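The values are calculated or read from the model by the stated rules, or taken from the named source; none is laboratory data. No experiment lies behind these values; they were computed from the predicted model shown. No Cβ is skipped: glycine too gets one built from the backbone with ideal geometry, and neighbour counts run over all protein chains shown. SASA here: full protein model, heavy atoms, side chains in, ligands and nucleic acids out. Shrake-Rupley method; radii C 1.70, N 1.55, O 1.52, S 1.80 Å.
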Amino acid sequence: MHHLRLAAPLSALSIPLLALLLALVLPGCAAESDDEDDAEPEAVEVPVREMESELVSISRTYTARTRSPREVEVRARVAGVLESRRYEEGEMVERGTELFRIDPSPYAVQVRSAQASLERAEAEKRQAEREWERVLDLYEDNAASGRERDEARSQLELGDAAVAEAEAALAEAQLDLDYTSVTAPLEGVAGLEERPEGSLLQAGDLLTTVTQLDPIRTDFAIPEGHLTAYGPQIRSGVGLTVVLTLPDGSLYPHQGQIDVTEAAVDEATGMVEVRALFPNREVQLLPGQFVRVTLSGLMAGHGMRVPHAAVIEGSDGAAVYVVDADDIPHVRPIQVGMDLDEDFLVTAGLSDGDRIVVRGVEGVEEGERIDPRDAPRETEEPVSPGVLPEVAPDLLDEVMDPETEADAVEDILDGLGNGAEPGLDDSDADEASD
């Protein structure tokens, strides 16, 4: 607006001039004000994303402890003097490696004695065979009685029994001699010796232990609700990736496999025990470590991923702004099936191709045009970067064939509900997942 400053008092002649100036200035100001009122408000710039239905898979992470699948006590199986130890304590040994030697001399003598007894029994049997043949010929010529024939037959049978008994005694003596060499029952780490050389041993005395480390076992517990939701997939292993995070936060470089899922729920904790096996050829893992096991690829069901920032509280509960073809947002109620950490799994309320406001919903008004900016969902990084894609073939004996696996996938999908995890509230899911 223009301002006029009067330098002197107005006279009677200057009044008409002032009126003329005001008449010229005021219409311009009025026109300027009308233009400002007629201008449309500037559209708010907001990010939008086009929705697409998909089979959503999730990950769940659990605290676990490593354990040896087998820890075997190595005991003396015969009595005697411990002659020597044949391994270095704490070293990796193969199955069948000799660990201790018990003095074999007494058992070698027993073997020779048993061999002599066998030879004597065999000689007596041969004599009984010759006697049987002679008496049989006489009996056929009516030169020997039936009683003589029966006695000869009995001597032959007793000879057979004596040979069998001598063979068993020799086998037992040989077995005792073999037991003087104490070997590793499995591949693993041989522990400390329990008895030094020169000790007098009795059968059953503990000598050391052998701990299997490859594969390594991890034990962890999952909530009952997780087992209800994902139990068939966890048991079958279909589409499941099992990875392990080490105590220092780094990723273990080998993929694992579910071994056993407990058949009962712990009444005190409401948890189910699960065991997974991991290759451990480099002995990077030791029993007793706390680690984290992540199960990725768990099928949550079909739906749409909607960011947390896009969801508002509408009159009917959770809702989002859906943008129409004229770039005008409208509130639409949705049904949330599961919290996926940064996103919600929406199972109803949206259709493929719908555009929704994904951020900045506090600046959006229903029915007011917006300036949409495309904000596609970022490509997710693999849950286990760098993890070997294959599972060690000798971890488990059973390998699922492709046809059976396809059938299992269909069964799992048929069993999925709306994506919710039964028996879990949000706090439980947060504690169980990472």
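Some points to look at:
- Positive-end extreme of charge dipole, segment 90-180 - chosen from Gln115, Ser105, Val163 (charges on Cβ): Ser105
- Rounded to the nearest 20 debye, dipole of segment 116-220 from Cβ charges on Lys, Arg, Asp, Glu: 80 debye
- Where the Cα pairs of segment 103-157 fall when distances are cut into 10 Å bins, in %: 24, 30, 19, 15, 9, 3, 0
- Segment Glu54..Asp341, full-extension length gain: 101.6 nm, with 0.36 nm per residue of separation and the alpha-carbon distance subtracted.
- Share of carbon and sulfur in the accessible heavy-atom surface of segment 211-302 [1.4 Å probe, %]: 51 percent
- Scattering curve values for segment 119-187, log₁₀ I(q)/I(0), Debye with Cα scatterers, q = 0.17, 0.22 Å⁻¹: -0.68, -0.87
- When both segment 216-270 and segment 313-350 are represented by their alpha-carbon centers, they are found 33 Å apart.
- In sequence order, segment 280-290 has phi-based couplings of 8, 4, 7, 6, 6, 10, 10, x, x, 7, 8 Hz under the Karplus curve 6.51 cos²θ - 1.76 cosθ + 1.60, θ = phi - 60°, and Gly or Pro positions carry x.
- Normalised per residue, the accessible area of segment 61-105 is 55 Å², obtained with a 1.4 Å probe and no contribution from ligands, DNA or RNA.
- On the principal axes of its alpha carbon atoms, segment 45-98 extends 88, 20, 20 Å, with the longest extent given first.
- Computed label-point distance, nm, for sites Asp324 and Arg75 using a 7 Å Cα→Cβ extension: 8.3 nm
- Summary value for segment 55-127: 23 percent relative contact order, contacts being C-alpha pairs under 8 angstrom separated by 6+ residues.
- Protection proxy ranking of 61-70, 297-306, 255-264 - average other beta-carbon atoms within 10 Å, highest first: 297-306, 61-70, 255-264
- Cut-off 14 Å (backbone N to label point 7 Å along Cα→Cβ of Leu286), residues of segment 189-224: 189-192, 211, 213
- Column: log10 I(q)/I(0), Debye, Cα scatterers of segment 195-255, q = 0.16 Å⁻¹: -0.75
- Kirkwood Rh in Å, taken over segment 285-351 so that all alpha-carbon pairs contribute: 14.3 Å
- For Arg292, residues with placed amide H under 5 Å, excluding near neighbours: Ala64, Thr245
- Each listed q (0.19 Å⁻¹) maps to a log10 I(q)/I(0) for segment 157-207, found by the Debye formula over equal Cα scatterers with no solvent: -0.80.
- Considering every alpha-carbon pair of segment 258-301, the percent of pairs per 5 Å bin, from zero through the bin containing the longest distance, is 5, 14, 18, 23, 22, 10, 6, 2.
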